[in-house]
1. Considering only residues that are open to solvent by 90 Å² or more (accessible area, probe 1.4 Å), among the basic types (Lys, Arg) and either assigned to a helix (DSSP H, G or I) or closer than 17 Å to residue A:961 by Cβ (or both), which ones fall in the range A:4-22?
2. Can you tell which of A:210, A:239, A:197 is loosely packed, with under 14 Cβ neighbours inside 10 Å, outside any strand (DSSP E or B) and not β-branched (Val, Ile, Thr)?
3. Do any helices (runs of 4 or more DSSP H) entirely within the range A:1030-1135 hold 1 or more residues that are of a type in the set (Ser, Thr, Tyr), and if so, which?
4. Quick one: count up the residues across the range A:276-299 that are in contact with a Leu (Cβ under 8 Å, 6 or more places away or on another chain), buried (at least 16 other Cβ atoms within 10 Å of the Cβ) and in a loop (DSSP other than H, G, I, E, B).
5. One residue is enough: does the range A:113-124 have a residue meeting the conditions over 23 Å from residue A:24 (Cβ atoms), in contact (Cβ under 8 Å) with a residue 60 or more places away in the chain, assigned to a helix (DSSP H, G or I) and touching a strand residue (DSSP E or B) at 6+ places or on another chain (Cβ under 9 Å)?
6. Got a sec? Which of A:789, A:807 is free of Cβ contacts under 8 Å to residues at least 12 places away in the same chain and open to solvent by 60 Å² or more (accessible area, probe 1.4 Å)?
7. Residues that are near RNA strand B (Cβ under 9 Å from one of its atoms) and open to solvent by 10 Å² or more (accessible area, probe 1.4 Å): list the strands (runs of 3 or more DSSP E) wholly contained in the range A:873-949 that include at least 2 such residues.
8. List pairs: first residue in the range A:997-1017 and open to solvent by 10 Å² or more (accessible area, probe 1.4 Å), second residue of a type in the set (Ser, Thr, Tyr) and near RNA strand B (Cβ under 8 Å from one of its atoms) anywhere in the structure, Cβ distance under 8 angstrom, at least six positions apart or on different chains.
Amino acid sequence: MSKYDHKVIEHKWQRQWEKDKLYKTPDKKAGAENFYLLTEFPYPSGNLHVGHWYAFSVPDILARMLRMQGKNVLYPIGFDAFGLPAENAAIKNKINPRTWTEKNITYMKKQIRSMGASFDWSREVVTCDPVYYKWTQWQFLQFFKKGLAYQKETPVNWCPSCKTVLANEQVIEGRCERCETEVVQKQMLQWNLRITDYADRLIDDLKKLDWPEPIKEAQRAWIGRSEGAEIDFPLVEKDVKRIVLLHGREASSKSLFLPWLKKKLEERGYTVEVPDMPNPNNPNDDEQTEYVRKHCKLDAHTAVVGHSFGGIVALRLLERGVKLGRVTLVGTPYSGNWLDSKKRPTVRVALKKGFDFKTIRKSCDGFVALYDTGDKIVPMSDGEAYAKKLSCPLIKGKGTEWHFLGKQEPDVLRAAAPSITVFTTRADTLFGGTYLVLAPEHPWITLALQHRGLLKNEVEIGRYIAISRKKTERERQESKDKTGVELKGMKAINPATGKEIPLWVADFVIGSYGTGAVFADAHDERDWEFAMKYNIPLKETLEPLVIRSSGLDAVRKEGSFFDRPAILAFVQHWSEEKYLAVRYKPTDTRGCVSGGVNAGEDIIEAAKREVCEETGYVNTEFVRKLGTPIHGKYYSDVRKMNIFAHFTPLLFKLTDGSRQEISQKEREDHDVMWLSKKEMGDYINREDMHIAWSRVGGDVCYAWKGILFDSGEFNGLTSDEAIPKIGAKYGRLVKQYHLRDWIVSRQRYWGVPIPIVHCPKCGLQPVGDKNLPIKLPEIKDYLPDGRGKSPLAKAKKWVSVKCPKCKGKAERETDTLDTFVDSSWYFLRYTDPKNSKQFAANSKQKNWMPINLYSGGAEHTTMHVLYSRFWHKALFDLGLVRDKEPYTRRMNRSLILGADGQKMSKSRGNVIDPDEVVERLGADTVRMYLAFIGPYNEVSSYPWNPDGVVGIRRFLERVWRLGQRPSNIMDVRHPYIESLLQKTIKKVGEDIVAQKFNTAISALMIFLNSVEKEALRQAQGKQAIGKGQWEIFLKLLAPFAPHIAEELWDGLGHEISIHKEKWPAYDPAKLKDEIVTIAVQINGKTRGEAEVPADADKSILEKAAREAVTSRLEGKQIVRTIVVPGRLVNFVIVE
RNA sequence: GGGCGAGUGGCGGAAUGGUAUACGCGCGUGGCUUAGGACCACGUCCCGAAAGGGAUGAGAGUUCGAUUCUCUCCUCGCCCACCA
């Protein structure tokens, strides 16, 4: 009898399978359905850890079984080979990152092969290979050409240690994910991908996917869609009451656009004048400027808004020293064929004409604003550059076709008359908006500070902004104490009430979310707290609405409510600090005195009457009302109807303790007692009474939804009804996302070079397809320079290039792409890995996409998985892929911890080295142990138990031993274990498909235990199992322990690999036992067992059951008998 | 503070409306053995001598019957977090 020598066996078969090309997967296989099983490809860190084993060898079980079941399974592997560690190693050890990476890949490949996983290595993909990243670059360029990739000055997370930009996802609690250095905010020009354009689709398309709900929910939450409204709060220009509108050269400017704008500005309270300038179709700026000077009254109280050529005139006025309150240039809100595309918008003309912008700025008391339409004629990037030159804000417009003028109203208006736009999800509280709060980063503040004198406390404001800019994200998070400074000298107008309200700057408002500005009201905890701290007036506009749960059904059933005025009365003791508590017994309502107000009755009198009726106390003295009424919808059990009660909460004090006799009924219905303040709070069990009680102690913030009052035409509506109505009337209904655009540029060497050329004449130019890939140049120094430039910038020769368009001198982009870009499409390349003409031919993709099952780590849910879904959708829109979604099914696997239950880490010294365990116990044992440790796809984690691994090894040893004794194996099928074998086939197959590998292995163990027991029964190890049965068992074992199964199979004399065998089928007829044991229950508790034939009918079952528990049934009356055939009989008896 | 998820032996876990604790580890007793355990057999939720009875975080509900469904509370884990 030979020993189970895993080393020999595993080495032998791994070589043999490779030689036979056992796992080379054809694109198509006759009669076999394709199945694409994907697991995340590893980063070549240089050493395989247990997590890799868990990720690769466990899904391999599924791959192997599906193959045996006749599927053509693609189970590919590759390396996600770009990234920081290679570069860090390069800097530290002065070796080329490529050398380092390739060495690691070679070593890890060897390790991966030791798993005996059925990877198809012929399709291996390595992202740092130029033949791969050529197509990463190509796809990026397709996105660039479509406007999906763009450059933007962005506040970014900057790691001072790694000297690079980090994605939001790489910042953990304000620290760099990799080196844990504190991250700082920095403004830098970055490449972005417009993932936010896909936010809605990324959420909505989740519906169709067969993913576990928690993973979908995590993505939804990360995208964070919230629906609300943008509302403009016009700023009060104390000094500017008049606006002069200067028209442009086109007739429409004068006849269509400016009259409309004039009307809008007049609605805002300005006096507006549109001078009739000479030669509108062939203007001369000198002539027109003189005309305006002569015919219009211009002073520091006048603003000039110049449209198109009119803007030039406005600038000329400033240049000639005319004092103006404010100047706004409205670029070109029209596009379309009537406007010669060669003609440039105002500012470009202005720049050409050589204006002296210093003089211009000096002459303007207010500020210059620029309206850029962002259409094809004026690319947004140009607008931004000019705005910078002018030190003025850029207000961006959308949709510039002239006949859609109505739609762009807010954009143009915001430019012509300054206003602050806020985002809110609670437009229902707009009428209570008593102040505005801007983020310190808000562009308007920056602008306002540039114009001295506009704000009265600019020094204080400047200091505050400087302080909050210095704060790291972390500090902002930690200091829950809200700070802020009022912007003195400036007021805004609440568009709903028309009232002037103050503006504040505070860093609890986040610049990057919404519009970076909020309006504050009495129904928000933060606003409340801030207002209390700084003594800013608040105004309540919501009355609480409480719907009691018992009432909800009633609402649905009957729909209408009976309105009832009512009171809630708290009564204070005449001498002690105690309050009168009342319990209404029939419904166990605990709280204060409550009751209805009769028709024509005074509210306070009604309350006094109720106090007297319920408690007997007579000498009540009214103290005060406790805030606004509280409304309650509920179903009255007493009246059998829906009640809509409107409670006025009141506070009384007794002057003395005199009491009257209470009626019999009231006494029966009510408990009355005196409770201290604290006791009272605990005692009250009804929400409306809680709200009223909270007001006894003073003002509190009511932050929930309710019913509107003091809100004009919206009075009486509920919050949910009012939110869209108010939002639409005073602003625009919009959606906001927490998801930011994806910043893809990295100031690093070891990544895919961004294939863009910067030309001083032509701007950003894509590299021609013929010149791809743009290969990484060899350089000597991989250190970033720390100023935000990639080390590539040092490769002077490489950087200098001819512009693809004008052939003039130009420079290459030196940033590289985020590695999440590389991994956004790698699974497509597996379908066609050798293609030199396309990233993957459509016909090849068709064989495998979309992926049937993608197994990976939970940490990628909001990163890689979301990014690659976006990437795929973008490719879909370009017609480059066939599916809207790449992954039909996504599963997140669990986590393997160290033996101490902690995350494995070198510092804890709890790292399990898989190589060592494989050496000692074998790959089959490690694979199988990992599969056995617990359910694979639970959001859970399992400690690696060194003893537990040994248990699996013991199991395999026992399998081995059984196979070594021919005397164990009969020629014919062993009848005793046949039905168990059938059940095992069924269970193992079903559990593997469900990825419940642990219970599948348990079934194999049960089977083996049973065989061994049988061997023992059959006189010392003889004839325990039939040969056919043994072969079936080996086939069931093959996916889990491929090497030992192959060796034993081979030992039986088979020529062809067990892994090419067909998965055993079970005979449903043989699954059933002839005799089954059923449970006998009495009142649902198991009290005995009975053996009955499987096909026994109800009466036989009942009879057998009765016999099993005869003694317990004696003298008892059986009320009911429940019979579940094959399972149990339950007697319901009366005690 | 918000979202998601989980609580079952000494431990990993099984059972998703029908005999709670399968399977494995650990532990105990015995065997084989000079010895050892990566061997074999038996035992191993709690109370009880037994007959019995009790137990799936706590409490309630639905049901003939609940680990499983519903509600309340407690504890733990993960993710997000001054998000307007």
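The values are calculated or read from the model by the stated rules, or taken from the named source; none is laboratory data. Small disclaimer: the values here were computed from a predicted structure and weren't measured. Here the Cβ positions follow ideal geometry from the backbone for every residue, glycine too, while neighbour counts run over all protein chains shown. For accessibility, only protein heavy atoms count, side chains too; no ligands or nucleic acids. Shrake-Rupley method; radii C 1.70, N 1.55, O 1.52, S 1.80 Å.
1. A:7, A:15, A:19
2. After applying the criteria, what remains is A:210.
3. Working: elements: A:1042-1051, A:1098-1108, A:1110-1113.
Helices (runs of 4 or more DSSP H) meeting the threshold: A:1098-1108, A:1110-1113.
4. 2
5. No, because not a single residue in the range A:113-124 is over 23 Å from residue A:24 (Cβ atoms), in contact (Cβ under 8 Å) with a residue 60 or more places away in the chain, assigned to a helix (DSSP H, G or I) and touching a strand residue (DSSP E or B) at 6+ places or on another chain (Cβ under 9 Å).
6. Details: A:789 fails: free of Cβ contacts under 8 Å to residues at least 12 places away in the same chain.
Residue meeting the stated conditions: A:807.
7. Qualifying strands (runs of 3 or more DSSP E): A:941-943.
8. none
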